[in-house]
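K.L.:
Sharing a structure with you now.
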Amino acid sequence: MSNNNPISQNRKSYRFAFRSSLFISSIAAILILLYEILFHPELPLVFCIVFPFLLFLISFLVVQYRAQQYIYKSIQKIYDEISILESTSLIEQPVTTDMRTLKNQVEKFARKKKIEIETLKVRENYRKEFLGNISHELKTPLFTIQGYIDTLLDGAHKDKVIRKKYLQRAQKGVERLTYIINDMDMITRLEVGDMSLDKKEFDIVALIKQVFDQFEMKAGKKNITLALDMNYDSPIMVRADQERIQQVIANLIVNSIKYGRNNGTTEIAIEDLVNNKVIVRVTDNGEGIDKEFVPRLFERFFRVDRTGSRKEGGSGLGLAIVKHIIDAHRESIYVDSELGIGSEFSFTLEKASSRLEDIEVVEE
């Protein structure tokens, strides 16, 4: 066995041999003393002192040797058995015959492995749920496309009206597949840190208004009003990746429209914070979210409503992307929701250092 192998090293402990030998020699000294008092008072005092000392020395050597041989071999088996497990701090230490040290090492090892096992179980459950979700998300548009194409191949292509209608519907299915794949590609790059941020200064108010214009028609289908909480006469300059923050706001607005009630409202407010920060609040008076689901909102493909929300379309990755983008900016995102009342998603941004004028806010 190589000398570099930690198992071949032996860190000795003399505590057990010392205590055992002291115990044996003490009993021997007491017995010799009683024997001298009761039977041989003429026994030399030097013998009563030297004999226990010699007995202590011999006992120490014998007990240390035998204990070390027996315990070391037994403990080495334990190290050999666990040495097949990688990345454990236990096998990186020399073998010890000290029971207290070994007990602490094994307990530390057991706690670490317990945490690793629990983490693996959580990841395994997450993996199963993720595969089930992605299978469903991809299967729905694929089956739709397949159905329309099969119908056309069966003869429906001869009817120009049906052909055009089915091709348009198949195209929508392809667009949804593309949307899902693009979102998955983006979130993968965000998770592995493969997407760099192009930070620059821009007006967050103007960006919000631009997103409002983008989704005005979508909100109009449910008669949902998109509005700022007040009139912002002056720009509010922030420093971030404008394209990514636009996606964050867009995803939050789409989410509020999707789960908002008819004739509802989605309102955005911008507030100053300490430490050169602003917070952007996106509030709606829609369905709201049960408290038990809030911690899982930013998981990929997680939906509070497993059936109804799918008819609204989307990839199921919107909030997960929002979380990763905000994390990439080293900012924070918060959720406050009450079932039946509505939800508020808010996130922080860094204020631009070149901001030359204070924000003047005039209430509507």
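The values are calculated or read from the model by the stated rules, or taken from the named source; none is laboratory data. All of these numbers come straight from a predicted model, not from anything done at the bench. Virtual Cβ from ideal backbone geometry, glycine too; neighbours counted across all protein chains shown.
K.L.:
Checking the condition among the hydrophobic types (A, V, I, L, M, F, W, C), buried (at least 17 other Cβ atoms within 10 Å of the Cβ), at pLDDT below 90 and under 26 Å from Glu344 (Cβ atoms), which residue from Ile245, Ile187, Ile208, Ile236 passes?
P.N.:
Values: Ile245 fails: at pLDDT below 90; Ile208 fails: at pLDDT below 90; Ile236 fails: at pLDDT below 90.
Going through Ile245, Ile187, Ile208, Ile236 in turn, the sole match is Ile187.
K.L.:
Suppose we filter region 151-168 for residues that are farther than 19 Å from Pro141 by Cβ and either among the aliphatic types (A, V, I, L, M) or exposed (fewer than 14 other Cβ atoms within 10 Å of the Cβ) (or both); how many remain? Let's see the steps before the verdict.
P.N.:
Start the filter on region 151-168 by keeping residues that are farther than 19 Å from Pro141 by Cβ, which leaves 154-164.
Then drop every residue that is not either among the aliphatic types (A, V, I, L, M) or exposed (fewer than 14 other Cβ atoms within 10 Å of the Cβ) (or both), which leaves 154-156, 158-162, 164.
Summing the residues that are farther than 19 Å from Pro141 by Cβ and either among the aliphatic types (A, V, I, L, M) or exposed (fewer than 14 other Cβ atoms within 10 Å of the Cβ) (or both) in region 151-168 gives 9.
K.L.:
Please go through region 194-219 and pick out each residue that is farther than 24 Å from Arg281 by Cβ and touching a residue at least 60 places away in the same chain (Cβ under 8 Å).
P.N.:
Selection gives Met195 alone.
K.L.:
Which helices (runs of 4 or more DSSP H) sit wholly inside region 158-263 and have at least 3 residues that are touching a Phe, Trp or Tyr at 6+ places or on another chain (Cβ under 6 Å) and within 27 Å of Ser135 (Cα to Cα)? Break it down stepwise before answering.
P.N.:
Values: elements: 160-191, 204-214, 216-220, 242-258.
Fully inside region 158-263 and qualifying: 160-191.
Yes/no per residue for (1) in contact with an Asp or Glu (Cβ under 7 Å, 6 or more places away or on another chain); (2) farther than 13 Å from Ala67 by Cα; (3) modelled with pLDDT of 75 or more:
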| residue | (1), (2), (3) |
| --- | --- |
| Pro6 | yes, yes, no |
| Phe18 | no, no, yes |
| Ser21 | no, no, yes |
| Ser25 | no, yes, yes |
| Leu31 | no, yes, yes |
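K.L.:
Let me ask you something else. If the requirement is being free of Cβ contacts under 8 Å to residues at least 60 places away in the same chain, closer than 29 Å to Asp284 by Cα and of a type in the set (Lys, Arg), which of these qualifies: Lys222, Lys160, Lys128? Let's see the steps before the verdict.
P.N.:
Numbers: Lys160 fails: closer than 29 Å to Asp284 by Cα; Lys128 fails: closer than 29 Å to Asp284 by Cα.
From the options Lys222, Lys160, Lys128, the qualifying one is Lys222.
K.L.:
Just to verify a result, which residue in region 248-273, among those that are under 27 Å from the mean Cα position of the chain (by Cα) and among the hydroxyl-bearing types (Ser, Thr, Tyr), is surrounded by the most Cβ atoms within 10 Å (Cβ to Cβ)?
P.N.:
The extreme case among them is Ser256.
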